[in-house]
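Okay, structure first, notes after.
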Amino acid sequence: MAVIALKCPDVEVVVVDISAPRIEGWNSERLPIYEPGLDDVVRQCRGRNLFFSTDVERHVADAGIVFVSVNTPTKTRGLGAGKAADLTYWESAARIIADVSRSDKIVVEKSTVPVKTAEAIEKILAHNSKGGNIRYQILSNPEFLAEGTAIQDLFSPDRVLIGGRETPEGRAAVAALKSIYARWVPDDRIITTNLWSAELSKLAANAFLAQRISSVNAISALCEATGADVAEVANSIGKDSRIGPRFLSASVGFGGSCFQKDILNLVYICECYGLPEVANYWRQVIRINDYQKSRFVNRVVSTMFNTVAGKKVAVLGFAFKKDTGDTRETPAIDVCKGLVGDKAVVSIYDPQVTEEQVQRDLVMNKFDWDHPRHLQPMSPSSAKHVAVSWDAYEAARGAHAVCILTEWDEFRRLDYQRMYDAMHKPAFLFDGRNVVDPDKLRRIGFVVYSIGKPLDHWLRDMPAVA
């Protein structure tokens, strides 16, 4: 929304939320999320044609177009628990729109939603409208952003997708939204479809991206077993123009708010439509991701004489990727829990993740991260074995091992000789993002494990990792 305000100075954009602390954050000098370039955009527009308010009813009533960007978490109980999207917040938003609207509205789905959600929203709006003969048009306009490059993605998107009803009113609504994006997006990058194609496209896009990561991670396990180098294999197949090089970097696993949630949603939809073979295909993408994380933990434990009990393990990076403070579904959570489960003492450093966030993530129940904080029940604490450090060297001081779990650029520039000198020997380094030169670190004295790379003699002598 901030980019729309920047590119369309004659359009008033009001972001509303029922959470006063959240709105206070957006009106402050320190925004509640970290995203490169976001501060600059907000500062240019805030108070001019971009506003943040808790007066939801007034601004929804005044708006001609209402973008709905509420969370759609995975259900944790009831029908479809663990797979289906929970549309509680979407339904609540629709009821508010119906309750306060006194004029026709275009309602835009920005959240990632199951196919046919628009149909349900239409029914809620039609049966709850308090303003007489008000007409609503539902559009699907999903985001295709990558955290860390989101602002650039908005300035120069690969595509903007708008789906609407194939009726005169639906086409008019699509044209109205298209005219906003056309201020800065070339016409050939604005795609218009029917509603169901747009809703499904977002789920399918995230599933395809996650599939590529799981595919290269599956190959990384085979590379370690055979002595091949996954980076060389990925480079070779990425040169094929039919495949391309993107999303072929082996790692400890994918994370973020979308991939797992959207694939599980896709699995549930396939099951509901009687497509178990399709559901099982996409479920396997998640299974490989879980396997990769557990394989990494098993490698750490088996390499360190089959126990990490009482040993300090430094974890560098907790965000799910670099250039963001987002920790939702980050692989670091499962890795840290696995290490703590084996009684390791874990010291974490991440340049953008606070100690409070780390502690919350490590005690939070699965799938609860996408609910408001006051609705996040906590599991018994495992955080007492975890400390958060203010820099990488402090995290590694007195450690037996270092695990790199986020590909922050600063981790490529660290003085690993200094780090090695302050660690117990033998000093182990487990690179879950392939950000360091393993040969250089071996010359320093580290025992090094890098995802999908040929194993050194120490690791080859250890028992095989399942």
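Shape verdict for the range 116-263, please, from the Cα gyration tensor: rounded (a/c under 1.5), prolate (a/b greater than b/c) or oblate.
Details: a/c = 3.32, a/b = 2.21, b/c = 1.50.
Verdict is prolate for the range 116-263.
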Environment charge at Ala344 (Cβ cut-off 12 Å; Lys +1, Arg +1, Asp -1, Glu -1): +3
Long-range HN-HN contacts of Leu161 with modeled amide H, under 5 Å: Ile191
Local electrostatic count at Val11 - Lys and Arg +1, Asp and Glu -1, tallied over other residues with Cβ under 12 Å: +1
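Using the Kirkwood radius built from alpha carbon pairs, what does the Stokes-Einstein equation give as D for the range 208-459 at 20 °C and 1.002 mPa s, in µm² per second?
Details: Rh = 18.8 Å.
Calculated translational D: 114 µm²/s.
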Helix 117-128 vs. the chain, principal-axis angle (Cα, 0 to 90°, nearest 10): 40
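If Lys and Arg each add +1 and Asp and Glu each add -1, what is the summed charge of the other residues whose beta carbon sits under 14 Å from the beta carbon of Gly238? Could you put the intermediate results ahead of the total?
Numbers: positive: Arg212, Lys239, Arg242, Arg246; negative: Asp229, Glu232, Asp240.
Taking every Cβ under 14 Å from that of Gly238, the sum is +1.
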Residues in the range 303-319 reached by a label modelled at Asp391 [backbone nitrogen below 18 Å; 7 Å Cα→Cβ]: 314-317
For the chain, accessible area per residue (1.4 Å probe, heavy atoms of protein chains only), Å²: 46
Among 245-252, 15-22, the order from most to least packed when residues are scored by Cβ within 10 Å on average: 245-252, 15-22
Geometric extent, Cα atoms of the range 32-104 - Rg, Dmax (angstrom): 16.3, 46
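Taking the Cα centre of the range 208-459 as origin, sum charge times position over the Cβ atoms of Lys and Arg (+1) and Asp and Glu (-1), and report the length of that vector in debye to the nearest 20. Intermediate values should be presented prior to the final figure.
On the way: 31 positive and 30 negative charges, 79 e Å.
I would put it at about 380 debye.
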Those residues of the range 418-435 whose amide nitrogen sits under 12 Å from the label point placed on Asn235, 7 Å along Cα→Cβ: none
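Shape of the range 1-204 from its Cα gyration tensor (a ≥ b ≥ c, root eigenvalues): rounded if a/c is under 1.5, otherwise prolate when a/b > b/c, or oblate?
Numbers: a/c = 1.25, a/b = 1.19, b/c = 1.05.
In terms of gyration-tensor shape, rounded.
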Potential extension, Ser294-Arg43 segment - 0.36 nm per residue separation minus Cα distance: 86.1 nm
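Is there a pair in Lys322/Lys343; Lys366/Lys425; Lys366/Lys440; Lys239/Lys293; Lys123/Lys337; Lys7/Lys75 whose C-alpha atoms are over 32 Å apart, and which pairs would that be? Numbers along the way, then the final one.
Working: Lys322/Lys343 28 Å; Lys366/Lys425 36 Å; Lys366/Lys440 38 Å; Lys239/Lys293 28 Å; Lys123/Lys337 44 Å; Lys7/Lys75 37 Å.
Among Lys322/Lys343; Lys366/Lys425; Lys366/Lys440; Lys239/Lys293; Lys123/Lys337; Lys7/Lys75, the Cα-Cα distance tops 32 Å for Lys366/Lys425; Lys366/Lys440; Lys123/Lys337; Lys7/Lys75.
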The range 326-359 versus the range 179-250: alpha-carbon centroid distance in Å: 27
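Roughly how many percent of the accessible protein surface of the chain is carbon and sulfur, given a 1.4 Å probe and a whole-percent answer? All intermediate terms of the calculation are to be shown ahead of the outcome.
On the way: 11250 of 21400 Å².
It is 53 percent, rounded to a whole number.
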Simple spin-label estimate for Val11 and Arg246 in nanometres, 7 Å along Cα-Cβ: 2.3
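Determine the gain in length on full extension of the stretch Asn306-Lys425; use 0.36 nm per residue of separation and subtract their C-alpha separation, reporting nm with one decimal.
Gain on stretching Asn306 to Lys425: 41.3 nm.
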Tilt relative to the chain, helix 88-100 - C-alpha long axis, 0 to 90 degrees, to 10: 20
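The chain: percent of C-alpha pairs farther apart than 43 Å? Mind showing how you got there, number by number?
Values: 21359 of 108345 pairs.
Percentage above 43 Å: 20.
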Extreme residue, positive dipole direction of the chain, given options Ala392, Gln137, Gln152 (C-beta unit charges): Ala392
Rounded to 10°, Cα long-axis angle of helix 276-303 versus longest principal axis of the chain: 30
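Counting alpha carbon pairs within less than 8 Å and at least 6 residues apart, what relative contact order, in whole percent, applies to the chain? The partial results should precede the final answer.
Details: 843 pairs, mean separation 59.1, N = 466.
Over the chain, the number comes to 13 percent.
The values are calculated or read from the model by the stated rules, or taken from the named source; none is laboratory data. For clarity, every value in this text was computed on a predicted model and none was experimentally measured. Cβ atoms come from the backbone with ideal geometry, glycine included; neighbour counts cover every protein chain shown. With ligands, DNA and RNA removed, areas are computed over all heavy atoms of the protein, side chains included. Shrake-Rupley method; radii C 1.70, N 1.55, O 1.52, S 1.80 Å.
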